[in-house]
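The values are calculated or read from the model by the stated rules, or taken from the named source; none is laboratory data. Note that the structure is predicted; figures quoted are calculated from it, not measured. Note that we place each Cβ from the backbone using ideal geometry, even for glycine, and neighbour counts take in every protein chain shown. To get the accessible areas, we keep the full protein, side chains included, count just its heavy atoms, and leave off ligands, DNA and RNA. Shrake-Rupley method; radii C 1.70, N 1.55, O 1.52, S 1.80 Å.
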Amino acid sequence: METRYNTIGIAGAGAMGRGIAQIAAQAGSIVRLYDTQAEAVARAIRELGAQWDRLQEKGRMDASAVQAAKQRLLPAASLQDLADCQLVVEAVIERLDVKRALFGELEGIVAPDAVLATNTSSLSVTAIAAALKRPQRVAGYHFFNPVPLMKVVEVIAGLKTDPTVCEALTAYARQLGHTPVQAQDTPGFIVNHAGRGYNTEALRIASEGIADFATIDRILRDQVGFRLGPFELMDLTGLDVSHPVMESVYHQYYDEPRYRPSAITAQRLAGNVLGRKTGEGFYRYVEGKAQVAPEPAVPAVTDLPPVWVSTRAARRAELFQLLKELGATVETGQSASPQALTLVAPLGFDMTTVAVVERLDPARTIGIDLLIDDAATKRRVLATNPATRADMRDAAHALFARDGKPVSVIRDSGGFVTQRVVATIVNIAADMCQQRICSPGDLETAVTLGLGYPLGPLAMGNKWGPTNVLEVLFNMQTVYGDPRYRPSPWLRRRGAIGLSLLQEEA
């Protein structure tokens, strides 16, 4: 297939610029690479040449393809060398003044029909193009690092961007071997916007003292299937990157509670406790390996009490079956005996609220998270309340660990861990669709490719039930009194009429 842009320019020879240069040269475009530091360009060309040589050694590129790619990658000594480029992609520092100045210079150099694209991850495309004579030819072209491996690219239309520019960039992205998604010019675009819920809600859970970092990571990996827990992910990314993005999206949305950052990351950033790159983050690293404390041992309990299950428990029939398989003695009366361990399985409410509303003895009340079918998870999560007796806590832990499945016991929380994180992710995604930032399909594609979630956010909501997610959010809003948890109209309406969250309106 003929490449749409035969000659492209890249301004910025950092990691992102190098990555874009690599895939463009491999796809057949002549690439002119410019940086204010000439040595950065020379270094980038050397590193890419060595990388192509390694790909040849591994049999992933043949000799002729490597030679052709090297010949297509050319240094640009000045911006004037980009004059014949049909497309120039900017990949410089994330500062509005720097990007505006660069595009101002380029506008007087390139042809009138050349496209100018910014790889910004958080700045407004409209603001970058505002001072130009031809803002209609400027669009966002947001690749992710490392570019050759991260196969999604966001194509962003500014307020005045000509639709044909985005169409051409979309087609070119496919020729580069990437999957393009279309986004409106809003803070965070798709991926950085949709990703707000995972880290910020986990930080909120930690800030409430509900569980430690490692426990939260284990729960979200084992119950939902995330590749990395939120604190592992922040350590990998580095708080010098992730915390400013949290603050940027929050403030650009005029302090919208759904995106509220955390004092935990602000403090750690100030203390240079950034993650892997500094050897210490939410975990300490020795030779690049996280030092994680072992899980608490399963308590040794000789005699287990009988178990009574709340009549309002989620997945009540499944819970009875699980208790039977674990060999528990189950009480079936209308109320628990004075000796019984009382099990509740709420959606969104905390154990204290359930015990009070259902008139249960809080000293014997334990909660279990059953938003997700137990058979589909690799971990069970129990929650105490402030009055739960230690013997009841230990008995519940020992009982639910009988078949060898790991058990985490956390302190009282509206929505446990999984419920509140999943509901927050789904709710933010639903509201992105409500705002028409992107299509539901592009949102799912962007998140699964850009964030590596096991399911797209809307698919998560469908799988575990829009009505269940709504119940979690409504009840958490009651528990915390925080507008952070108010349901998006997109979610509320579809949950009310039983419509798929992926269904677009006619």
- Could you list all residues from segment 271-305 that are β-branched (V, I, T) and either touching a Cys at 6+ places or on another chain (Cβ under 9 Å) or not in a strand (DSSP E or B) (or both)? V273, T278, V292, V298, V301, T302
- List every residue pair whose Cβ atoms sit under 8 Å apart, with the two residues 6 or more apart in sequence or on different chains, where the first one lies in segment 357-369 and is over 22 Å from R315 (Cβ atoms) and the second, anywhere, is open to solvent by 20 Å² or more (accessible area, probe 1.4 Å) and not in a loop (DSSP other than H, G, I, E, B). P362/T352; P362/V356
- Item | Answer from T365, T377, T342 - the residue that is under 30 Å from G461 (Cβ atoms), in contact with a Lys or Arg (Cβ under 9 Å, 6 or more places away or on another chain) and open to solvent by less than 20 Å² (accessible area, probe 1.4 Å) | T377
- Criterion (in a helix (DSSP H, G or I), open to solvent by 10 Å² or more (accessible area, probe 1.4 Å) and closer than 21 Å to L220 by Cβ) met by exactly one of N427, N468: N468
- Message: Based on this model, can you work out whether G238 counts as at positive phi, open to solvent by less than 50 Å² (accessible area, probe 1.4 Å) and either modelled with pLDDT of 95 or more or within 18 Å of the chain's Cα centre (by Cα) (or both)?
- Response: yes
- Query: Taking the stated definitions as given, is Y480 hydroxyl-bearing (S, T, Y), in contact with a Ser or Thr (Cβ under 9 Å, 6 or more places away or on another chain) and surrounded by 15 or more Cβ atoms within 10 Å (Cβ to Cβ)?
  - Reply: no
- Query: Cβ-Cβ below 8 Å, separation at least six or inter-chain, first residue in segment 307-318 and closer than 12 Å to D374 by Cβ, second in a loop (DSSP other than H, G, I, E, B) and of a type outside the set (A, V, I, L, M): which pairs?
  - Reply: A314/P346; R315/D373; E318/D373
- Message: For the list (1) of a type outside the set (D, E, K, R); (2) closer than 30 Å to V307 by Cα; (3) assigned to a helix (DSSP H, G or I); (4) open to solvent by less than 10 Å² (accessible area, probe 1.4 Å), I need the number of the one condition that F474 fails.
- Response: (4)
- Item | Exclusive hit being under 20 Å from Y5 (Cβ atoms) and in contact with a Lys or Arg (Cβ under 6 Å, 6 or more places away or on another chain), set H142, H178 | H178
- Query: Which number in (1) under 28 Å from A168 (Cα atoms); (2) open to solvent by 50 Å² or more (accessible area, probe 1.4 Å) marks the one condition that K58 misses?
  - Reply: (1)
- Looking at G404, is it part of a loop (DSSP other than H, G, I, E, B) and at positive phi? yes
- Item | Residues of segment 8-38 that turn out to be open to solvent by less than 50 Å² (accessible area, probe 1.4 Å) and either more than 19 Å from P148 (Cβ to Cβ) or among the acidic types (D, E) (or both), as a count | 4
- For T170, are the conditions met, namely being of a type in the set (S, T, N, Q) and more than 27 Å from the chain's Cα centre (by Cα)? no
- Wholly enclosed helices (runs of 4 or more DSSP H) of segment 34-149 bearing at least 2 residues under 22 Å from I23 (Cα atoms): 38-57, 63-72
- Note: among L371, L360, just one is open to solvent by less than 10 Å² (accessible area, probe 1.4 Å), in a loop (DSSP other than H, G, I, E, B) and not small (G, A, S), namely L371
- Test result for Y5, of a type outside the set (D, E) and open to solvent by 10 Å² or more (accessible area, probe 1.4 Å): no
- Item | Number of positions in segment 13-50 that are in contact with a helix residue (DSSP H, G or I) (Cβ under 6 Å, 6 or more places away or on another chain) and of a type in the set (A, V, I, L, M, F, W, C) | 8
- Message: Among the residues of segment 162-196, what is the count of those that are touching a Pro at 6+ places or on another chain (Cβ under 8 Å) and crowded, with 24+ Cβ neighbours inside 10 Å?
- Response: 3
- Take segment 253-306 and flag every residue that is in contact (Cβ under 8 Å) with a residue 40 or more places away in the chain, open to solvent by 60 Å² or more (accessible area, probe 1.4 Å), out of contact with any strand residue (DSSP E or B) (no Cβ under 9 Å at 6 or more places or on another chain) and among the basic types (K, R). R260
- Task: Confirm whether R316 is touching a Pro at 6+ places or on another chain (Cβ under 9 Å) and surrounded by fewer than 16 Cβ atoms within 10 Å (Cβ to Cβ).
- Result: no
- Task: Test F143 against the criterion of being of a type outside the set (G, A, S), within 21 Å of A171 (Cα to Cα) and open to solvent by less than 10 Å² (accessible area, probe 1.4 Å), and give yes or no.
- Result: yes
- Task: Filter segment 126-140 for residues that are open to solvent by 10 Å² or more (accessible area, probe 1.4 Å) and either of a type in the set (G, A, S) or within 23 Å of the chain's Cα centre (by Cα) (or both) and give the result.
- Result: A127, A130, A131
- Could you tell me whether D394 is assigned to a helix (DSSP H, G or I), open to solvent by 20 Å² or more (accessible area, probe 1.4 Å), at pLDDT 95 or above and over 26 Å from G158 (Cβ atoms)? yes
